[in-house]
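Structure, as structure tokens:
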Amino acid sequence: MGCSSSSEASHPSSAAAKGKPGCLNCCVDISYFGGMQGRAGPLILMFEHHGQQYRRCDETRESWNASKATPGKVCDVGGGLPQICCNCDGKTVKMCQFASMMRHFGCRFGYYNRRNLNEVRFVDPIVDTFPDVMNLFAKACFVPDSEKAAGCEAFLTFVKRWHKMIESYLCCHKGKFAAGNNLTIADFVLAAYCANLLCNPNNPMSQQMKACCSETPKFHAYIMSVGENFPYLKTRPPIPAF
Ligand SMILES: N[C@@H](CCC(=O)N[C@@H](CS)C(=O)NCC(=O)O)C(=O)O
């Protein structure tokens with residue numbers, strides 16, 4: 001795993017050399033399927049926002065399968081992509097599992113305070129259910145045409161429920177961010193969801209997803225604030241649907 005081995009190409013981040021407190025003084029390699037955001041999206045957004053130097057390492061299905069079959073190449077804990085590898089002060093660290101990596105870097109950068117139970121009760125369900133959103137989205141996108149309609153329906157049904165969960169949190173804490181008045185890892189999840197899926201003109205389900213927002217006015221207002229809160233999203237090039 002990592003840019004030096006299985007990946008086809010790597011892209012240095014635009015975040016280099018402006019890191020905030022907690023940044024690792026090495027480049028973080030994040031491996032994911034080439035050109036896609038998927039579960040890597042919130043991690044990339046957090047690195048961009050915080051100024052952590054990182055590099056995207058693009059895997060193909062073949063290179064990833066080859067890495068998994070090579071002992072010691074991927075994170076020992078197993079799991080799929082995204083995976084992270086960094087070498088700091090001579091020590092190589094490999095990480096996997098989306099939610100664990102979000103929490104790890106969230107603690108390091110100050111976007112996840114596990115002692116603040118009033119906050120984590122809103123953060124955790126958003127972070128932990130994002131993979132469910134992405135799994136259903138993948139099922140709607142990457143299935144034979146005959147299964148597409150059912151896949152889209154299952155995805156949109158889940159999306160409606162997910163938006164309502166987020167709406168109930170925003171109504172409860174009344175803050176401007178996902179879990180109150182502090183920016184947390186849940187905001188990187190929601191902002192990535194908005195920019196990469198909901199408002200992505202290359203996503204064929206974007207309009208139907210937007211239609212699901214009519215019943216969730218506070219979440220709608222949150223969506224409208226994403227560009228302002230995460231300027232990087234306004235400067236990056238267009239991205240594909242997934
Ligand atoms: N529990 C893992 C699952 C990751 C996962 O399933 N990733 C997919 C892509 S989004 C993948 O790599 N699938 C191919 C594989 O597992 O080899 C996580 O949340 O990070």
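The values are calculated or read from the model by the stated rules, or taken from the named source; none is laboratory data. Note that the structure is predicted; figures quoted are calculated from it, not measured. In this analysis, Cβ positions are derived from the backbone assuming ideal geometry, glycine residues included, and neighbour counts consider all displayed protein chains.
Does PHE47 qualify as being out of contact with any strand residue (DSSP E or B) (no Cβ under 6 Å at 6 or more places or on another chain), buried (at least 21 other Cβ atoms within 10 Å of the Cβ) and within 29 Å of GLY180 (Cα to Cα)?
no
Give the residues of region 194-207 that are surrounded by 14 or more Cβ atoms within 10 Å (Cβ to Cβ) and more than 13 Å from the chain's Cα centre (by Cα), sorted by residue number.
LEU198, CYS199, ASN200, ASN203, MET205, SER206
Scan region 170-190 and tell me whether some residue there is out of contact with any helix residue (DSSP H, G or I) (no Cβ under 9 Å at 6 or more places or on another chain) and acidic (Asp, Glu).
Scanning region 170-190, I find no residue that is out of contact with any helix residue (DSSP H, G or I) (no Cβ under 9 Å at 6 or more places or on another chain) and acidic (Asp, Glu), so the answer is no.
What about SER146, is it within 27 Å of GLY35 (Cβ to Cβ) and either under 15 Å from the mean Cα position of the chain (by Cα) or more than 16 Å from the ligand (Cβ to nearest atom) (or both)?
So SER146 passes the test.
Go through SER206, SER225, SER214 for me and flag whichever is hydroxyl-bearing (Ser, Thr, Tyr) and at pLDDT below 95.
Residue meeting the stated conditions: SER214.
Which is more than 16 Å from ILE44 (Cα to Cα) and either outside the structural domain of LYS210 (by TED's automatic domain parsing) or without any contact (Cβ under 8 Å) to a residue 60 or more places away in the chain (or both), of CYS96, CYS86, CYS171, CYS141?
So the residue among CYS96, CYS86, CYS171, CYS141 that is more than 16 Å from ILE44 (Cα to Cα) and either outside the structural domain of LYS210 (by TED's automatic domain parsing) or without any contact (Cβ under 8 Å) to a residue 60 or more places away in the chain (or both) is CYS171.
What single numbered condition from (1) outside the structural domain of TYR32 (by TED's automatic domain parsing); (2) surrounded by fewer than 16 Cβ atoms within 10 Å (Cβ to Cβ); (3) within 16 Å of the ligand (Cβ to nearest atom); (4) of a type in the set (Ser, Thr, Tyr) fails to hold for THR129?
(2)
Go through region 132-152 and give me each residue that's among the aromatic types (Phe, Trp, Tyr) and surrounded by 13 or more Cβ atoms within 10 Å (Cβ to Cβ).
Of everything in region 132-152, just one residue is among the aromatic types (Phe, Trp, Tyr) and surrounded by 13 or more Cβ atoms within 10 Å (Cβ to Cβ), namely PHE137.
Are there any pairs, at least 6 apart or on different chains, whose C-beta atoms fall under 9 Å, with the first in region 220-242 and under 15 Å from ALA178 (Cα atoms) and in a helix (DSSP H, G or I) and the second polar (S, T, N, Q) and at pLDDT below 95, and if so, which?
Taking only residues 6 or more apart or on different chains, the pairs are HIS220/SER214.
Only one of (1) assigned to a helix (DSSP H, G or I); (2) under 17 Å from the mean Cα position of the chain (by Cα) is not met by MET165, so which one is it?
Result: MET165 fails condition (2) only.
Are there any pairs with C-beta distances below 9 angstrom linking a residue in region 27-46 that is closer than 19 Å to CYS88 by Cα to a residue that is of a type in the set (Asp, Glu) and within 12 Å of the ligand (Cβ to nearest atom), with the two at least 6 apart or on different chains, and if so which?
SER31/GLU59
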